[in-house]
Protein chains: 2
Amino acid sequence: MTTAKLDVVGIGNAIVDVISQADDAFLAAHAMDKGAMMLIDEERAEAIYGAMGPGIEASGGSAGNTIAGIASLGGKAGYIGKIRDDLLGKVYRHDITAAGVAFPTPAATSGPATARCLILVTPDAQRTMNTFLGACVGLGPDDVDAEFVASAQVTYLEGYLYDPPLAQAAFRRAAEIAHAAGRKVALSLSDSFCVHRHCQAFLDLVEGHVDILFANEAELTALFETGNFDDAVARVRRMVELAAVTRGAKGSVVVTRDELVEVPAAPVARVVDTTGAGDLYAAGFLYGLTRQLPLAECGRIGSLAAAEIISHYGARPETPLAAYIQA
Amino acid sequence: MTTAKLDVVGIGNAIVDVISQADDAFLAAHAMDKGAMMLIDEERAEAIYGAMGPGIEASGGSAGNTIAGIASLGGKAGYIGKIRDDLLGKVYRHDITAAGVAFPTPAATSGPATARCLILVTPDAQRTMNTFLGACVGLGPDDVDAEFVASAQVTYLEGYLYDPPLAQAAFRRAAEIAHAAGRKVALSLSDSFCVHRHCQAFLDLVEGHVDILFANEAELTALFETGNFDDAVARVRRMVELAAVTRGAKGSVVVTRDELVEVPAAPVARVVDTTGAGDLYAAGFLYGLTRQLPLAECGRIGSLAAAEIISHYGARPETPLAAYIQA
C-alpha cells in the first residue's frame, strides 16, 4: 500500500442549493415533510421556485459539502460528481475548485441541467429540501477514476447517491477500488426517508462494503427498523469498524467494537440554518481520522465544524475552518 | 395630484451579486481599490471569478436592494431595471417579485447577459465591487413606464445608473414624469468614484431634478470637491429639500433648509459584510418618509435596516424587516 496523496475523495450528487426562508404553513401547503429531502421533477421545481421567497444560491450536495469542509480545515480532498456544462455547473466547479478540491469529473455536454435543491429554512432553523437531480442521473461507474480513488485514505459516499439509477454501480466500483488499494470506505446515510427508500440495499452495502458509517439518530434507527437507539448502536458496532452517530444538540456518539465515546455538541450563539450540519460533522471527523487523531478529538473537530455551518445560511463554511477550530 | 398607489419606484442596474471572501493581498494583486465599485468587462469578470474563492449568489443592485428593503418593511414598491432572458435574469426577477415588488420591465431577448457584480469581502467587513454591466447597458427611456412612475410617491434613482450610456436619458425622463405628477425624486450618490466620474453631471442633476439626496460622507464631499464635511452639508442644504448623509458607525445626519437631525447608528453584534448598508438605510428612511413620520424616526428605521444587512453576507434582508424594526 502506497502513501495516500489525498485524505478523502467524496462521491456524491453535485447540486446547487437555492436557499429561502419559509414558514410551516408554506411546507404544509406544498405537502413537504419538514426536515426531509424529497426528489422532485423539473416541473415541480419550477412550481416551488415560483412560490417560494427570495433566495440565495450556493454550491451544496452532501458529499460536496463534506469535501469542501475538509479542504477548509486544511485537508487534501477530491470530489467526483456530475454537473452539466451550464451556468450552475460552472458555479459548482468554480466553488469546489476554489475551495482547493481536486474535481476531475467532466461536465455532461447534453442531457438534463445541473441539479438544484430548493431548500426552505423555517424559523426553527430546520431545513426541508426539494431536489431536482438533473445531470446527477448521468453519474456512472465510468466517472469513478480508479487512480484518483486509490490515491485517497478514505473514499466517502453519500447515501443520497442511491437515488440516481446509475450511481449505485459507481458506488460499488468505488468501494472495490478503495479496498483493493487497502483504503477505507465511509458512507453517510444522509436522510431517514432515503434509508427507508433503499433499506435492504443499504444494509447489504453497509455489511459488505462500508468501514466507517455516519448517521444521525433517525437514520440509524431507520436502518435497523427499530425505535430503540441503544439497540441500533449495538447492532451497528457489530457491522462496521467505526460509526459516528450525531444527535443534534445532544452531541454525538462514536463507537467501535471496543470503544464508545460521547462527544458534546459545540456551543452556537444562534442556530440560523441546520443545512449541512451532518456533512460538516463528517468533514471534521474525517479530517481528524486521516491525521490519526483520537476518536474524541475527531468528534470534537466534527462538532466545531458543524457549529460554524449552522450559525449562517448555506452549507459551505463562511469562515476558514482551520482557523475556526483553533480559536 | 391623485393618491399614490406605490410608496417608491426604484430605477437602477439589475445585478446579481457573487459574494466571496478575500484578503487585502488579493485586492492588491488584482489592482482593486478597497471599498470602491469598479466597472469591468466580461473578460476581466472571468479572470477575477477564476481567481476568487467560493461564492454565494444573491440578487443585488443598489436601487434593487433599497426597493426590496422597502417591501420587506411592508411598503408598496416597484422597480425598473434591465435583465437578459437568461438564468441569472430569471433569478433576479424571481427574487424581487418574491419580495413583493412590482417589476414590469421586460427582459432583453438579445445582447449581453444579465449583469454580475463580483464582491470581495475583506475580514474588516468592507466590500470591494467589480461590476460587469451586461444587459444593464440596454436600459433606456423607453423602459420608464410613465404611469408606473407617476403612481409612486417617490421615484428613487441610484447614482450607478449614470454609468450605462442610455440610462441618463431614462433618469431625466423618470424625473420629469415624477415632477409632472407632483411626486418627489430621490437620488443616491452610490460611490465616491462614481461621483468623480460624473461630477458636473451629478451637480446639474441634483440642482435641477433632485428633491431628496442620499449620500455618505465621502460621496458628499466628492460632489462638492471639498475636504470639509460641514461645508458640504451647508452647500447641500441650499441645493435640495432634504438630504440624509450616512457616516458609518457615527450614524447619520439628516438636513433640510431649516432642520438638522443627528441619528445614531443602530448597534450590531458583529459586522460581517457592509454591502448594502447605504441601500438599506435609504430603504428604511424612505419607508418612514412615505408614511409622513418625523425625520428622526425615518433615520432610526434606516439605521435599523442597515444594521440588519451588515450582520450577514449579502445585501437583501435575511429577516423580515417589518418585524425587525419592531423588536
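Coordinate-derived values only; no laboratory data. What you see is a predicted model, and the numbers here were worked out from it, not measured in a lab. For neighbour counting, all protein chains shown are included, and Cβ atoms are generated from backbone atoms with ideal geometry for every residue, glycine included.
Brief remarks on what is shown
- Here the spin labels are modelled as points 7 Å beyond Cα on the Cα-Cβ line, and at B:LEU39 and A:ARG247 they lie 6.1 nm apart.
- Residue pairs exceeding 18 angstrom between C-alpha atoms, taken from B:LYS5/B:LYS184; A:LYS5/A:LYS184; A:LYS184/A:LYS250: A:LYS184/A:LYS250.
- Among B:PHE148, B:PHE26, B:PHE171: highest mean-square fluctuation, GNM of chain B, C-alpha pairs under 10 Å: B:PHE26
- Segment B:1-15 and segment A:256-323: distance between their alpha carbon centers, rounded to Å: 47 Å
- Mean-position separation - Cα centroids, segment B:152-176 and segment B:209-232, in angstrom: 19 Å
- Exercise: per-residue mean of other protein chain Cβ atoms within 10 Å, A:54-66: 5
- Label geometry 7 Å along the beta-carbon vector: B:GLY111 inter-copy distances in nm: 3.7
- Beta bridges per DSSP, both residues in chain A: antiparallel share near 35 percent.
- Taking every DSSP beta bridge that has both ends in the protein assembly as shown, the antiparallel portion is near 40%.
- Taking every residue in A:94-101 and counting other chain Cβ atoms within 10 Å of its Cβ, the average works out to 4.
- The amide H of A:TYR156, built 1.01 Å from its N in the peptide plane, has A:VAL9, A:GLY10, A:ILE11, A:ALA186 as neighbours under 5 Å, considering only residues 5 or more places off or on other chains.
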